[in-house]
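Colleague: Let me begin by handing over the structure; questions about it come next.
The values are calculated or read from the model by the stated rules, or taken from the named source; none is laboratory data. What you see is a predicted model, and the numbers here were worked out from it, not measured in a lab. For neighbour counting, all protein chains shown are included, and Cβ atoms are generated from backbone atoms with ideal geometry for every residue, glycine included. Please note that ligands, DNA and RNA were not included when accessible areas were found on the heavy atoms of the full protein model with its side chains. Shrake-Rupley method; radii C 1.70, N 1.55, O 1.52, S 1.80 Å.
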Amino acid sequence: MELSTAKPRKMSRFVVLSLLFLLGLCHISVGMTMKSNFIIHMAKSQMPEGFEDHTHWYDSSLRSVSGSAEMLYVYNNAVHGFAARLTAEEAESLQNQPGILSVLPEMKYELHTTRTPSFLGLDVSADYFPESNAMGDVIVGVLDTGVWPESKSFDDNGFGPIPASWKGECESGTNFTSKNCNRKLIGARYFAKGYESTLGPIDVSKESKSPRDDDGHGTHTSTTAAGSVVQGASLLGYASGNARGMATHARVAVYKVCWVGGCFSSDILAGLDKAIDDNVNVLSLSLGGGNSDYYRDSIAIGAFAAMEKGILVSCSAGNAGPSPYSLSNVAPWITTVGAGTLDRDFPAYVSLGNGKNFSGVSLYKGDSSLSKMLPFVYAGNASNMTNGNLCMTGTLIPEEVKGKIVLCDRGINPRVQKGSVVKAAGGAGMVLANTAANGDELIADAHLIPATSVGQTTGEAIKKYLTSDPNPTATIIFEGTKVGIKPSPVVAAFSSRGPNSITQEILKPDIIAPGVNILAGWTGAAGPTGLVEDDRRVEFNIISGTSMSCPHVSGLAALLKGARPDWSPAAIRSALMTTAYTVYKKGGALQDVVTGKPSTPFDHGAGHVDPVAALNPGLVYDLKADDYLNFLCALNYTSIQINSVARRPFSCETSKKFSVADLNYPSFAVVFPEQMTASSGSGSSSIKHTRTLTNVGPAGTYKVNVISPSNSVKVVVEPETLAFTRMNEQKSYTVTFTAPSMPSTENVYARIEWSDGKHVVSSPVAISWT
């Protein structure tokens, strides 16, 4: 890779950082000036006189620094500004132009890659959600890899006319026409200018330059959120039954922003921009990337604009768990969703030659079991490579694995690819063993070879057998689908965890929902493993990730929007959070699959979603746009930084004292600085939070109850009683947290519950020291 031969000059820090970013993102040609994509945020209110339209001003600003710069998008809703392809020097020059708030480099995001309605109680509780015309007027927008419109989950039988509020369209492109949309799938668009300008033209022989989904991820998420009911659905006979989305009567609008090479921020912003203009009611984004300050985060900025228009934005928390501080999409105006398990499993047992059996899971479809005991070998002993244990391409010695079952360790390459590698080397089957990174969490896959996945503990026991027996043998027995698995749900190991790395005083994730082994619609262009060599085609697939839990909440938000059309996005999120559960029906705290112990608010947020309870929460914590802007003031954001988020001038009142603790959030993250507690002369230190509750139910008197297993932090709520006499009445309270002067070495968790005897309005509390 070579840089331009232009004369060297002293570069600013801005240019250096931009060049470093570009080196990892773009290919560079000899003799050419290196360019990449930037998103330019404009102060629209500062448009000079003489320009009839803001787009003319944007173009003039761009031309002032480059006569050849390419404008990719003009944004009108998600942000005010445009995306353009520039050199780092041009970007720096543009930053200094009047009316320019910021010039941000293109960022690459990644995807966070049935029984669910029954598990959530929706099948027996349909009467709680009125099937009115209002439900058919709710539109769920999904930003993802597109859509497979032929899926039965988009059947529009029984749907009325498209809502009059809809302003979108169905775009044509490769293998896709406007006729692919109907009264269920009412819109489909695609955005690829950022992707193509960075990685080159789309190869239409490999992916469709249209809304069509060649990957499967987008079809899976959109049908999870709002797919129609499909009878007799299954994946290769597994999880058979009726498949349905959370909001079966809602409409779907798809915005394809993710491609083979990833999801680029300029395209994501363009999708958000159009979705807002199209008048969707809920936005679902199962994607994310590295965290950055809110004024530099394209998803956070676009989500703020959506929130102002009354659109709830639900995003996946990420699949980087169980590491702490691993969350994505943590802005307080975004609903951040982690993942839990269902009560369904797909057992496949490993039977060893010593007579011992170990449980695993698999979605392999073939013989019900291997016909006999076969030789068993550890991949690390059948390879000349140091990483041979991982069963990566080309690492296995065919002579050592032919006709044998191979034990592979999980990690680095995809789980299903390991089975393909074993098959290519002549192996007869595979046992895939978790390592410490995944613990005993089990995720089922539709392997191309007889295979099962086992947990770390089981894997270690099997390895002991392999090393101790001179002639180890094994077989795999597949037992189909089992339901009623206990305990369930448990927090998935991959689900990203808090604390919030951007603002630790905002507790994230907000909530967890089903995200493990989820059955939903699939593309007809790829097999269930997604591998090139997988020529099987299925209508439904079972996959896992916070990508799957996010659309569950998006669909549930659509249900609430249909039933309570006057509720704000914050009110809907509050209802979902304050009615979530953290205790199993028969007792015992929600568990973390990694530890086998109770999960914490940094793992599950407010708890596991309970949609029926959310319909009637009693009270909600509501928020408006200005409340979030005051929150940004509390973070000491400059007026330019706030303008980048708000898309309008906003100044923090100099006479007002702003506090993050005053944001009316449905949860509490209390952070004691160590120096604060250590230097306190009174032997203790206190932090006060203020909250306001809005009555959305009948009149009632609510009493508070603080549930805390620890006495190390004193929690005092004032007043202890709140009386509501009418709908939409508001009452405020304060919570004072008092900690001893010696900092705790462990986090402290609690819950604050308000109850009138019929409703329980519950908020998680996480207390930490930094």
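Colleague: For residue 553, which of the numbered conditions (1) under 26 Å from residue 697 (Cβ atoms); (2) over 19 Å from the mean Cα position of the chain (by Cα); (3) in a helix (DSSP H, G or I) fails to hold?
Modeller: Of everything listed in (1) under 26 Å from residue 697 (Cβ atoms); (2) over 19 Å from the mean Cα position of the chain (by Cα); (3) in a helix (DSSP H, G or I), residue 553 misses just condition (2).
Colleague: Looking at the range 296-311, can you tell me whether even one residue there is among the aromatic types (Phe, Trp, Tyr) and part of a helix (DSSP H, G or I)?
Modeller: Yes: one or more hits.
Matching residues to (1) assigned to a loop (DSSP other than H, G, I, E, B); (2) more than 32 Å from the chain's Cα centre (by Cα):
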site: 691; (1), (2): no, no
site: 702; (1), (2): no, yes
site: 717; (1), (2): no, yes
site: 731; (1), (2): no, yes
site: 742; (1), (2): yes, yes
site: 752; (1), (2): no, no
site: 758; (1), (2): yes, yes
site: 761; (1), (2): no, no
site: 767; (1), (2): no, no
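Colleague: Residue by residue through the range 324-350, note down the ones that are touching an Asp or Glu at 6+ places or on another chain (Cβ under 8 Å) and open to solvent by 10 Å² or more (accessible area, probe 1.4 Å).
Modeller: Passing the criteria: 347, 349.
Colleague: For the range 8-101, list the strands (runs of 3 or more DSSP E) that sit wholly inside it and hold at least 1 residues that are at pLDDT below 90 and within 25 Å of residue 273 (Cα to Cα); which are they?
Modeller: 70-75
Colleague: Starting from residues that are over 22 Å from residue 426 (Cβ atoms) and assigned to a helix (DSSP H, G or I), keep the ones in the range 464-485 and report whichever is least open to solvent (accessible area, probe 1.4 Å).
Modeller: The residue in question is 465.
Colleague: Separate question: Restricting attention to the range 421-463, which residues are assigned to a helix (DSSP H, G or I), in contact with a Phe, Trp or Tyr (Cβ under 9 Å, 6 or more places away or on another chain) and open to solvent by 10 Å² or more (accessible area, probe 1.4 Å)?
Modeller: Within the range 421-463, 458, 461, 463 meet the criteria.
Colleague: Just the residues that are touching a helix residue (DSSP H, G or I) at 6+ places or on another chain (Cβ under 7 Å), of a type in the set (D, E, K, R) and more than 25 Å from residue 493 (Cβ to Cβ), please, taken from the range 395-427.
Modeller: Passing the criteria: none in range.
Colleague: Between a first residue in the range 529-541 that is small (Gly, Ala, Ser) and a second residue that is buried (at least 17 other Cβ atoms within 10 Å of the Cβ), which pairs have beta carbons less than 7 Å apart while being 6 or more apart in sequence or on different chains?
Modeller: Matching pairs, first to second residue: 530/216.
Colleague: Also, quick follow-up: Give me the pairs, please: first residue somewhere in the range 576-601 and closer than 19 Å to residue 498 by Cα and acidic (Asp, Glu), second residue anywhere and open to solvent by less than 30 Å² (accessible area, probe 1.4 Å) and not in a loop (DSSP other than H, G, I, E, B), beta-carbon distance under 7 Å, and either six or more positions apart or on two chains.
Modeller: 592/490; 592/491; 592/603
Colleague: For the range 383-401, how many residues are more than 30 Å from residue 541 (Cβ to Cβ), modelled with pLDDT of 95 or more and part of a loop (DSSP other than H, G, I, E, B)?
Modeller: 1
Colleague: Also: What is the one condition in (1) touching a Leu at 6+ places or on another chain (Cβ under 6 Å); (2) assigned to a helix (DSSP H, G or I) that residue 225 does not satisfy?
Modeller: (1)
This table checks each residue for (1) closer than 27 Å to residue 747 by Cβ; (2) in a loop (DSSP other than H, G, I, E, B); (3) at pLDDT 95 or above; (4) more than 23 Å from the chain's Cα centre (by Cα).
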site	(1), (2), (3), (4)
587	yes, yes, no, yes
603	yes, no, yes, no
606	yes, yes, yes, no
616	no, yes, yes, yes
623	yes, yes, yes, no
626	no, no, yes, yes
633	no, no, yes, yes
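Colleague: Can I ask one more? Considering the range 404-420 alone, what residues qualify as being of a type in the set (S, T, N, Q) and either assigned to a helix (DSSP H, G or I) or open to solvent by 50 Å² or more (accessible area, probe 1.4 Å) (or both)?
Modeller: Scanning the range 404-420 gives 417, 420.
Colleague: Residues being under 10 Å from residue 109 (Cα atoms) and either open to solvent by 10 Å² or more (accessible area, probe 1.4 Å) or touching a Gly at 6+ places or on another chain (Cβ under 6 Å) (or both): count how many of those fall in the range 262-297.
Modeller: Counting residues in the range 262-297 that are under 10 Å from residue 109 (Cα atoms) and either open to solvent by 10 Å² or more (accessible area, probe 1.4 Å) or touching a Gly at 6+ places or on another chain (Cβ under 6 Å) (or both) gives 4.
Colleague: Search the range 718-747 for residues being at pLDDT 95 or above and aliphatic (A, V, I, L, M), and hand back the single one that is surrounded by the fewest Cβ atoms within 10 Å (Cβ to Cβ).
Modeller: The extreme case among them is 727.
Colleague: Please work out if residue 531 is among the hydrophobic types (A, V, I, L, M, F, W, C), in contact with a Ser or Thr (Cβ under 9 Å, 6 or more places away or on another chain), part of a loop (DSSP other than H, G, I, E, B) and at pLDDT 95 or above.
Modeller: no
Colleague: Out of all the residues in the range 682-689, is one or more hydroxyl-bearing (Ser, Thr, Tyr), within 23 Å of residue 768 (Cβ to Cβ) and in a loop (DSSP other than H, G, I, E, B)?
Modeller: Checked against the condition, which is being hydroxyl-bearing (Ser, Thr, Tyr), within 23 Å of residue 768 (Cβ to Cβ) and in a loop (DSSP other than H, G, I, E, B), the range 682-689 yields at least one hit.
Colleague: Another question, if that's okay. Taking the range 160-178, which residues are more than 17 Å from residue 251 (Cα to Cα) and outside any loop (DSSP other than H, G, I, E, B)?
Modeller: Scanning the range 160-178 gives 173, 176.
Colleague: On to the next question. Could you check residue 637 against (1) touching a helix residue (DSSP H, G or I) at 6+ places or on another chain (Cβ under 9 Å); (2) in a helix (DSSP H, G or I) and say which number it fails?
Modeller: (2)
One line per residue, one yes/no per condition, for (1) over 20 Å from residue 641 (Cβ atoms); (2) surrounded by fewer than 19 Cβ atoms within 10 Å (Cβ to Cβ); (3) of a type in the set (A, V, I, L, M):
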residue: 46; (1), (2), (3): no, yes, no
residue: 52; (1), (2), (3): yes, yes, no
residue: 55; (1), (2), (3): yes, yes, no
residue: 71; (1), (2), (3): yes, yes, yes
residue: 81; (1), (2), (3): no, no, no
residue: 84; (1), (2), (3): yes, no, yes
residue: 101; (1), (2), (3): no, no, yes
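Colleague: Output the residue which, of all residues in the range 237-262 that are part of a strand (DSSP E or B), of a type in the set (A, V, I, L, M, F, W, C) and modelled with pLDDT of 95 or more, is farthest from residue 190 (Cα to Cα).
Modeller: 252
Colleague: Okay, next question. Considering every residue within the range 249-256, establish whether at least one is over 24 Å from residue 167 (Cα atoms) and of a type outside the set (Phe, Trp, Tyr).
Modeller: No - not one qualifying residue is present in the range 249-256.
Colleague: Does the range 569-591 hold any residues that are open to solvent by 30 Å² or more (accessible area, probe 1.4 Å) and among the hydroxyl-bearing types (Ser, Thr, Tyr), and which are they?
Modeller: If the condition is that a residue be open to solvent by 30 Å² or more (accessible area, probe 1.4 Å) and among the hydroxyl-bearing types (Ser, Thr, Tyr), then 581, 584 are the ones that fit.
Colleague: Follow-up question, since we're still on this one. How about the range 308-323: which of its residues are surrounded by fewer than 24 Cβ atoms within 10 Å (Cβ to Cβ) and under 17 Å from residue 623 (Cβ atoms)?
Modeller: 308, 309, 310, 311
Colleague: Looking at residue 526 and the list (1) under 30 Å from residue 333 (Cα atoms); (2) crowded, with 21+ Cβ neighbours inside 10 Å; (3) not β-branched (Val, Ile, Thr), which single condition is not satisfied?
Modeller: So residue 526 meets the others, but not (1).
Colleague: Condition first: within 13 Å of residue 426 (Cβ to Cβ) and surrounded by fewer than 12 Cβ atoms within 10 Å (Cβ to Cβ). Now tell me which residues in the range 352-403 satisfy that.
Modeller: Answer for the range 352-403, where residues must be within 13 Å of residue 426 (Cβ to Cβ) and surrounded by fewer than 12 Cβ atoms within 10 Å (Cβ to Cβ): 398, 399, 403.
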